[in-house]
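Heads up: the structure comes next, in structure tokens.
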Amino acid sequence: MENVIIIGSGPAAHTAAIYCGRANLKPLLFEGMMAGGVAAGGQLTTTTEIENFPGFPEGIDGSALMLRMRKQSLNCGATIQTSTVDKVALSKKPFKIYSGKQIFNTKSLIIATGATAKRLNIPGQEKLWQRGISACAVCDGALPIFRDKTLVVIGGGDSAIEEAIHLTKFASIVKVVVRRDVLRASKAMQDKLFKNDKIEVLWNTNVLEAYGDKALKELKILNNQTNEESMIEASGLFFAIGHTPNTSFIENQIKTDALGYIVTKPGSTETDIPGVFACGDVQDSKYRQAITAAGSGCMAALEVEKYLNEAS
Ligand code: FAD
Ligand code: NDP
């Protein structure tokens with residue numbers, strides 16, 4: 001019987017593992033095997049330079065940062081299993097965790113399975129990924145390749161507007177490509193968008209293809225009302241078309257919101273099942289940063305420790 005099982009391998013999971021390990025709980029962490037299409041280590045393994053994680057003034061490669069966190073989890077006493085959790089049974093204690101043919105029993109559970117940014121899969125995207133095409137403007141927008149250039153954001157929600165406004169700090173102009181003639185974003189965010197004279201909205205528009213050799217240069221777009229195709233210059237293309245939280249293996253046993261994010265008690269990582277905690281992007285559709293994920297991983301570990309002390 002395990003004291004605590006941690007599912008996930010991003011900053012939230014490893015911070016929880018470091019704290020649980022140091023509390024002598026001997027945590028067992030499932031890092032996944034291409035779970036949700038992402039390598040063990042989570043979303044940061046899909047990017048290059050991380051410039052905003054404290055402690056690395058020169059920046060650090062995303063995969064290198066995650067390898068360091070993994071090493072620190074092991075050094076602090078965690079056991080890491082390289083497999084994906086397929087299923088959990090949470091209706092009674094001990095909780096049961098299924099991975100392949102193996103079944104594990106645990107007194108408590110931390111879910112830190114993150115979220116996956118949605119992509120469009122247009123021709124040219126794979127070749128130019130991280131060469132002008134990104135799913136995170138807040139993370140990548142300040143890179144030199146985007147300075148004083150035309151940048152394009154796809155999406156009409158709050159994220160798209162937030163990302164477009166952020167990009168105006170670096171770009172010469174930001175074009176927001178919206179597939180309908182209305183935005184999904186809140187009125188307050190729309191007001192900010194329309195006040196910003198560095199932002200232009202392309203309504204009823206789809207991006208069809210990305211072109212460039214070593215870096216993104218142009219996009220083919222379609223006006224879906226007139227069926228007219230045209231080319232626009234673009235040095236950056238940012239997808240802001242939503243994220244999918246990695247919660248399918250939970251099979252509705254825990255309360256989630258309308259978008260599938262796990263609901264946690266405000267100011268805590270407690271879910272609606274005592275003994276089950278959630279941290280990182282899987283319960284956070286708002287901040288979605290490595291440092292906030294790590295912070296909530298710490299909270300989850302401290303809450304597990306308290307829960308196990310009170311339960312014994
Ligand atoms: P994630 O990083 O999402 O990792 C969770 C991982 O757990 C999954 O990827 C998978 O490997 C594993 N997993 C999932 N399901 C299972 C399962 N069933 N069983 C076992 N394992 C499972 N943030 C910053 O602060 N700075 C940046 O510069 C930055 N750059 C980014 C660039 C890109 C391209 C992207 C997409 C995101 C970026 N972010 C950045 C955001 C940051 O990556 C996330 O906020 C952070 O990684 C969330 O951490 P997490 O621990 O919640 O989980
Ligand atoms: P949303 O789901 O709200 O919006 C996604 C947007 O992407 C929609 O405009 C949608 O278009 C568009 N879209 C989806 N798929 C495609 C596609 N295949 N091609 C083109 N466009 C596509 O996601 P967000 O990430 O924007 O927001 C998620 C949640 O987080 C929301 O609740 C939001 O309010 C919140 N949030 C709040 C912020 C704030 O308050 N400052 C900041 C960021 C997020 P369509 O409308 O046609 O479906």
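Criterion first (within 11 Å of ligand 1 (Cβ to nearest atom), of a type in the set (Lys, Arg) and surrounded by fewer than 15 Cβ atoms within 10 Å (Cβ to Cβ)) does Lys87 satisfy it?
Values: within 11 Å of ligand 1 (Cβ to nearest atom): yes; of a type in the set (Lys, Arg): yes; surrounded by fewer than 15 Cβ atoms within 10 Å (Cβ to Cβ): yes.
So Lys87 fits the description; yes.
Restricting the search to the stretch 97-120, which residues are free of Cβ contacts under 8 Å to residues at least 40 places away in the same chain and not in a loop (DSSP other than H, G, I, E, B)? Outline the logic, then answer.
Of the residues in the stretch 97-120, the ones free of Cβ contacts under 8 Å to residues at least 40 places away in the same chain are 98, 100-103.
Matches in the stretch 97-120: Tyr98, Gln102, Ile103.
Among the residues of the stretch 143-169 satisfying the criterion of being touching a Phe, Trp or Tyr at 6+ places or on another chain (Cβ under 8 Å) and within 16 Å of ligand 2 (Cβ to nearest atom), which is farthest from Thr205 (Cα to Cα)?
The selected residue is Leu167.
If you go through the stretch 195-209, how many residues are part of a loop (DSSP other than H, G, I, E, B) and touching a strand residue (DSSP E or B) at 6+ places or on another chain (Cβ under 7 Å)?
The total comes to 2.
Can Gly141 be described as over 30 Å from Asn3 (Cβ atoms) and assigned by TED's automatic domain parsing to the domain that holds Glu233? Don't jump to the end; show me each part of the working.
Details: over 30 Å from Asn3 (Cβ atoms): yes; assigned by TED's automatic domain parsing to the domain that holds Glu233: yes.
Taking the combined requirement at face value, the residue satisfies it.
Kindly provide the set of residues from the stretch 132-166 that are of a type in the set (A, V, I, L, M), within 19 Å of the chain's Cα centre (by Cα) and assigned to a helix (DSSP H, G or I), ordered by number.
Matches in the stretch 132-166: Ala137, Val138, Ala160, Ile161, Ala164.
So Val152 clears everything in (1) β-branched (Val, Ile, Thr); (2) closer than 26 Å to Glu49 by Cβ; (3) surrounded by fewer than 18 Cβ atoms within 10 Å (Cβ to Cβ) except one condition, right? Which one?
With (1) β-branched (Val, Ile, Thr); (2) closer than 26 Å to Glu49 by Cβ; (3) surrounded by fewer than 18 Cβ atoms within 10 Å (Cβ to Cβ) applied to Val152, the lone miss is (3).
Of all residues being touching a strand residue (DSSP E or B) at 6+ places or on another chain (Cβ under 7 Å) and part of a helix (DSSP H, G or I) in the stretch 44-69, which is modelled with the highest pLDDT? Just the residue, please.
Looking at residues that are touching a strand residue (DSSP E or B) at 6+ places or on another chain (Cβ under 7 Å) and part of a helix (DSSP H, G or I), I get Leu65.
Taking the stretch 178-192 as the search range and keeping residues that are of a type in the set (A, V, I, L, M) and either surrounded by fewer than 16 Cβ atoms within 10 Å (Cβ to Cβ) or outside the structural domain of Gly156 (by TED's automatic domain parsing) (or both), which one is farthest from Gly124 (Cα to Cα)? It would help to see each step written out before you state the result.
Within the stretch 178-192, the first condition is being of a type in the set (A, V, I, L, M), and the residues that meet it are 178, 182-183, 185, 188-189.
Next, only the ones that are either surrounded by fewer than 16 Cβ atoms within 10 Å (Cβ to Cβ) or outside the structural domain of Gly156 (by TED's automatic domain parsing) (or both) stay: 182, 188.
Numbers: Val182: 27, Ala188: 35 Å.
Result: Ala188.
Residue by residue through the stretch 167-194, note down the ones that are in contact with a helix residue (DSSP H, G or I) (Cβ under 9 Å, 6 or more places away or on another chain), assigned to a loop (DSSP other than H, G, I, E, B) and under 20 Å from Gly132 (Cβ atoms).
Phe170, Ala171
Give Lys220, Lys195 a once-over and let me know the one that is of a type in the set (D, E, K, R), closer than 24 Å to Lys127 by Cα, within 16 Å of ligand 2 (Cβ to nearest atom) and without any contact (Cβ under 8 Å) to a residue 24 or more places away in the chain.
Details: Lys195 fails: closer than 24 Å to Lys127 by Cα.
Exactly one residue qualifies, and that residue is Lys220.
From the list Asp148, Asp140, Asp158, exactly one residue is away from ligand 1 (no atom under 12 Å from the Cβ) and either modelled with pLDDT under 95 or over 24 Å from Glu218 (Cβ atoms) (or both). Which is it?
Numbers: Asp148 fails: either modelled with pLDDT under 95 or over 24 Å from Glu218 (Cβ atoms) (or both); Asp140 fails: away from ligand 1 (no atom under 12 Å from the Cβ).
When all the criteria are applied, what remains is Asp158.
For every residue, the table says whether it meets (1) away from ligand 1 (no atom under 14 Å from the Cβ); (2) without any contact (Cβ under 8 Å) to a residue 24 or more places away in the chain; (3) in contact with a Ser or Thr (Cβ under 7 Å, 6 or more places away or on another chain).
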| site | (1), (2), (3) |
| --- | --- |
| Tyr261 | no, no, yes |
| Lys265 | yes, yes, no |
| Pro274 | yes, no, no |
| Cys279 | no, no, yes |
| Gly295 | no, no, no |
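The values are calculated or read from the model by the stated rules, or taken from the named source; none is laboratory data. Everything numeric here is computed off the predicted structure, so don't read it as measured data. Heads up, the Cβs are rebuilt from the backbone with ideal geometry, glycines too, and the neighbour counts pull from every protein chain shown.
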